[in-house]
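Before any comments, here is the structure.
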Amino acid sequence: MKKCLVIIDMIHGFIHEGALSDSSIDKITPNIVSLTKYFIEKDYSVLNFQDSHDENANEFMAFPPHCLKESHEAELIDELVPFKNKMVTLYKNSTNGFMHPDFINVFDKIHADEFVCVGCCTDICVLQFALSLKGYINQHNLKVGVSVVRDTVETFGLPGHEQGQFNEMAITLMANAGIKIIDSYKEIME
């Protein structure tokens, strides 16, 4: 079975700096690094999405400006930089990486049996990508799985956006859509 790891928005602008950053998200970094090493050692594909916005991005009508193109916020976190040359990276101007104009071409070239999603934010970018991918797979009756690893996804905490509640809500929504929820990254490496 050929798998593809999908890393979503593990960039400085969601963890270390900027209007939408939350340093508590960093707790998933070691697990994602371990999975990335494992996938590369197995010669599986690694797809990396990074927010990279134009100054006048439509997304800024809903969220404060963040992760502008060529800014430090839009760069991959340091822990994943050593693997960058082994990843396919798509820079996105939307919360949903599935909408990237090149995604379907990349999807077709990868030929994976399962897409394993990790990253942040669980209730926005991870949720939207995983649901869109699952919908596409269902529409075309493809024999491809979509999974999300619980200890490799996290969201931010703010007043009115309780971190644990929104994280679990997103995981529940994905499970209800037929996305496989895996509790620990270690289960994939067994």
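For the range 95-190, what are the per-bin percents of Cα-Cα distances with bins 5 Å wide, up to the bin holding the maximum? Using 5 Å bins, I get a P(r) of 2, 13, 24, 24, 19, 11, 4, 2, 0 for the range 95-190. Do any cysteines in the chain lack another Cys Cβ under 4.7 Å, and if so which? Cysteines of the chain left without a disulfide-compatible partner: Cys4, Cys67, Cys117, Cys125. Note on Tyr38 and Asp102: the model spin-label points, each 7 Å out from Cα along the C-beta direction, lie 2.8 nm apart. For the chain, averaging the sequence separation of C-alpha pairs within contact (under 8 Å, six or more residues apart) and dividing by the residue count gives a relative contact order of 25 percent. Once both axes come from the Cα atoms, what is the angle between helix 29-41 and the longest principal axis of the chain, in degrees from 0 to 90, rounded to 10? Approximately 40 degrees, to the nearest 10.
Once neighbouring chains are kept in place and the probe is 1.4 Å, which whole percent of the accessible area of the range 46-190 is contributed by carbon and sulfur? That share works out to 52 percent. What is the angle, in °, between the Cα long axis of helix 127-139 and the longest principal axis of the Cα atoms in the chain? Nearest 10 is fine, range 0 to 90. Orientation of helix 127-139: about 30 degrees from the principal axis.
Which whole-number percentage describes the relative contact order of the range 1-106, with Cα contacts under 8 Å and a sequence gap of 6 or more? Walk me through the intermediate numbers first.
Numbers: 161 pairs, mean separation 34.0, N = 106.
Across the range 1-106, relative contact order equals 32 percent.
Computed over the Cα atoms of the range 2-102, the ratio of the radius of gyration to the Kirkwood radius (Rg/Rh) comes to 0.97.
Dividing the helix sum by the residues of the chain, where each DSSP H run of 4 or more adds -39500 (n - 2.57), gives a mean residue ellipticity at 222 nm of -8500 deg cm²/dmol. In order along the range 157-169, phi translates into HN-Hα couplings of x, 8, x, x, 9, 5, 3, x, 4, 5, 4, 5, 4 Hz, rounded to whole numbers, per the Karplus curve 6.51 cos²θ - 1.76 cosθ + 1.60 with θ = phi - 60° and x for Gly and Pro.
Potential lengthening of the chain between Asn58 and Glu79 amounts to 4.6 nm, from the contour at 0.36 nm per residue minus the alpha-carbon distance.
Over the C-alpha trace of the range 62-147, radius of gyration and Dmax come out as 14.0, 40 angstrom. Most simply put, the range 27-176 has about 10% antiparallel DSSP beta bridges, counting only bridges with both residues inside it.
Once the C-beta distance of Ser23 and Ala175 is scaled by a Förster radius of 30 Å, the resulting FRET efficiency is 0.60 to the nearest 0.05. Take 55-61, 130-136 and order them by the average number of nearby Cβ atoms within 10 Å per residue, most first; the result is 130-136, 55-61. With N counted as the residues of the chain, its alpha-carbon radius of gyration over 2.2 N^0.38 Å works out to 0.95. Relative contact order, whole percent, for the range 138-190 stands at 48, derived from Cα pairs under 8 Å and 6 or more residues apart.
Efficiency by 1/(1 + (r/R0)^6): what FRET value for Leu90 and Met189, r their Cβ-Cβ distance, R0 = 25 Å, to the nearest 0.05?
0.50
The values are calculated or read from the model by the stated rules, or taken from the named source; none is laboratory data. Fair warning: this is a prediction, and the values are worked out from it, not measured in the lab. When we count neighbours, we look across all protein chains shown, and the Cβ atoms used for this are built from the backbone with ideal geometry, even at glycine. In case anyone asks, the SASA skips ligands and DNA or RNA and just uses the protein heavy atoms, side chains included. Shrake-Rupley method; radii C 1.70, N 1.55, O 1.52, S 1.80 Å.
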